[in-house]
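What follows is one structure encoded as structure tokens, with my remarks underneath.
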Amino acid sequence: MTKADLINAIAEKSELSKKDSEKALNATLEAITNALKGGDKVQLTGFGTFEVRDKKAKMAVNPQNPKGPKIKVPARKAPAFKAGKVLKDTVNK
């Protein structure tokens, strides 16, 4: 499903115009992004939790040259999503 498909689905379910549905989706995504950027978790009960996880620095192999020298990958932050029980149960039915 693409963003356009999602906007169409929101418009159908909510009886909003496509333009208003796009505004609502963009506002939701921006709010989630800003919360994660600020270090907060976003919990949507029954759906799941968005959070930022710290990744440690590590040594890795260049897949194009596996026998070559190892490359140092710096520490970073990575967004993560953990599905909630209701979402998991719905998908597994």
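With a Cα-only, solvent-free Debye model of the chain, what are the log10 I(q)/I(0) values at q = 0.19 Å⁻¹? Cα-only, vacuum Debye calculation for the chain: -1.00. Relative to the longest principal axis of the Cα atoms of the chain, the long axis of helix 18-37 lies at roughly 40 degrees. Here the contact order of region 50-93, divided by its residue count and restricted to Cα pairs under 8 Å and six or more residues apart, works out to 43 percent.
Within straight-line reach of LYS85, meaning a Cα separation under 27 Å, sit the following lysines at least 8 residues removed in sequence or on another chain: LYS3, LYS13, LYS37, LYS41, LYS55, LYS77, LYS93. Eigenvalues of the alpha-carbon gyration tensor of region 1-40, scaled by 5 and square-rooted, set the equivalent ellipsoid semi-axes at 23, 10, 7 angstrom, largest first. Seen against the Cα atoms of the chain and their longest principal axis, helix 3-14 is set at about 30 degrees.
Using C-alpha pairs below 8 Å separated by at least 6 residues, the relative contact order for the chain is 21 percent.
Charge dipole of the chain (Cα centre as origin; +1 on each Lys and Arg Cβ, -1 on each Asp and Glu Cβ, all else neutral): 840 debye, rounded to the nearest 20. For region 50-93, a simple Cβ point-charge model (Lys and Arg +1, Asp and Glu -1, everything else neutral) yields a dipole of about 160 debye relative to the Cα centre.
Bear in mind these aren't lab numbers, they're just calculated from the coordinates by the rules spelled out. Please read these numbers as outputs of a predicted model, since none were measured by experiment. Glycine gets a Cβ as well: all are built from the backbone with ideal geometry, and neighbour counts include every protein chain shown.
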